Structures are given as C-alpha cells and as structure tokens.
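Right, one structure below, let's go through it.
The values are calculated or read from the model by the stated rules, or taken from the named source; none is laboratory data. Worth saying up front: this structure is predicted, and the values here are computed from it rather than measured. In this analysis, Cβ positions are derived from the backbone assuming ideal geometry, glycine residues included, and neighbour counts consider all displayed protein chains. SASA here: full protein model, heavy atoms, side chains in, ligands and nucleic acids out. Shrake-Rupley method; radii C 1.70, N 1.55, O 1.52, S 1.80 Å.
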Amino acid sequence: MFDIVILTLPALMAAGGIAGMVWAVMRMRRLRAAWRSGIEVQGRCVRLYATTVTRRRGAHRSSSTTLHHVYEFTDGDGRHRRFEEAGGSATVIEGDTVVVRHPQGRPDRATAIPPGDARTRVGMGILLVFLSLFVAGCVGFGVFYLSVFKPAKEKVTERIEDSWPSAPPATPRVTPPALPTLPDGPPDDLPTGVPSGFPTDFPTGFPSGFPSGPPSGFPTGPPSGGLSR
C-alpha cells in the first residue's frame, strides 16, 4: 500500500506530461497540414485580448502574457466561421485583414499563423523538450524508488526485526492469597439472658423526702435596727 501511494503521484504527473506532448505534436501536425494544403482565404481579426499567468517561487515572481486573436472568414461553402488562436502576431489588431489557411475539407482547423513561423516552431520545440525532461524525471524517480530505495528499506526492516526477540518473555502469574472464610451467621453460643450478679432492685418511683420550705433560722425580713452612717 505504501509503494502504491508513493508511485501514484509521479505516475499522474508523467501522464500529464505525456498528454501535453501529444497535444504539442498534434498542434504542429495541424499547422503543417494547413500550411501545405494551399487553401487560402481572406479573414479578419474581430477581437484581440491577452491573458497573463503569474508564477511564484519563494520571493521571486514571474509572469507570462499570451495574446489571443479571434478571426472570422468565409469557407468554400459560403459559411461564415470564427475561430480563436493563441500565440499570434502582436502587430495584428482588431479590424486587420489576415490570410487564413486550412486543410482540404477541414475549415474547422484553420489558422492565421503564417507558414514556417519561427516563434511557433521554437515555442513548440521548447515545450516538447521541457515535457520530455519532466516525464523522464518522473520515470527516473519511479525506477530509483523500485531499484534502490525499496530494497534498502526492506533490508533495514529485516535487520530491525531480526534484532528484536521473537517473542517477549512470559510474565509470571501471581496467585493472590486466599481470603479467610467468614461465618455464614452469628455464633450459636451467644448469651440470651442477663448476666449473673447484675443488680435487679432498681428504684421504681420518684424519690421522696425533698424539703418543703426554707431552712430554719433563715432571715425573712430586713434588720430591725436600720442602717448606720
């Protein structure tokens, strides 16, 4: 599973590079077919616009601008056609008359790029070289992984597994001490009566003989002689 994940990304990138190479080759073949066909008609530029792509690489920034032209022409059947083409000349602006070429019976593959345009050939050549190196790098990464990295990883894994014991030592089982057995009920020899010698003559009523008045000789009035100064 790990190998599939590692190789999926470079495989997809290589597939995208191959698709770009196929497009570039087909583009050059269509241009050559239009240049060699000999069918030329008058056309007109009806629109011109530019697209800018900005790329960032860390602190550096680069941008590239591509011109797009929209052309209009009339084919051999008298039908008005329009097509859009990128990479045309910057001197062609809206309203200019251009020569449109297309293969025999294929006006849908028309082009306004002149035959043998050096900029188009150089641009397609650079694109093919870049895509070829890109695909080669992706394939080289896959080959390096399968032939060098994967065997080394397997050897390291085997050494690590061999250095470890095959099974951990068994842990001794400790038996807990047996708990004392508790009786199922109270003991049979519990006392059921009053112990011998225990007093039994407790008082049964309220105590009597409390005094009913003040003690004898207790003064009951003020002194008879008064207070002296």
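Please count how many residues of the stretch 58-99 are among the hydrophobic types (A, V, I, L, M, F, W, C) and either part of a loop (DSSP other than H, G, I, E, B) or touching a helix residue (DSSP H, G or I) at 6+ places or on another chain (Cβ under 9 Å) (or both).
So the count comes out to 6.
Screening the stretch 40-50 for residues that are open to solvent by less than 40 Å² (accessible area, probe 1.4 Å) and over 51 Å from the mean Cα position of the chain (by Cα) and picking the one that is nearest to P115 (Cα to Cα) gives V41.
For every residue, the table says whether it meets (1) open to solvent by 100 Å² or more (accessible area, probe 1.4 Å); (2) closer than 30 Å to Y145 by Cα; (3) among the aromatic types (F, W, Y); (4) in contact with a Leu (Cβ under 8 Å, 6 or more places away or on another chain).
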| position | (1), (2), (3), (4) |
| --- | --- |
| M13 | no, yes, no, no |
| T52 | no, no, no, no |
| H60 | yes, no, no, no |
| F73 | no, no, yes, no |
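Scanning the stretch 75-89 for residues that are open to solvent by 70 Å² or more (accessible area, probe 1.4 Å) and of a type in the set (G, A, S) turns up just one, G76.
When the stretch 18-35 is filtered for residues that are touching a residue at least 12 places away in the same chain (Cβ under 8 Å) and open to solvent by 50 Å² or more (accessible area, probe 1.4 Å), the ones remaining, listed by number, are I18, M21, V25, R27, R30. Of G140, G116, G123, G105, all but one fail to be open to solvent by less than 70 Å² (accessible area, probe 1.4 Å), within 30 Å of R44 (Cβ to Cβ), out of contact with any Asp or Glu (no Cβ under 8 Å at 6 or more places or on another chain) and in a helix (DSSP H, G or I); the exception is G123.
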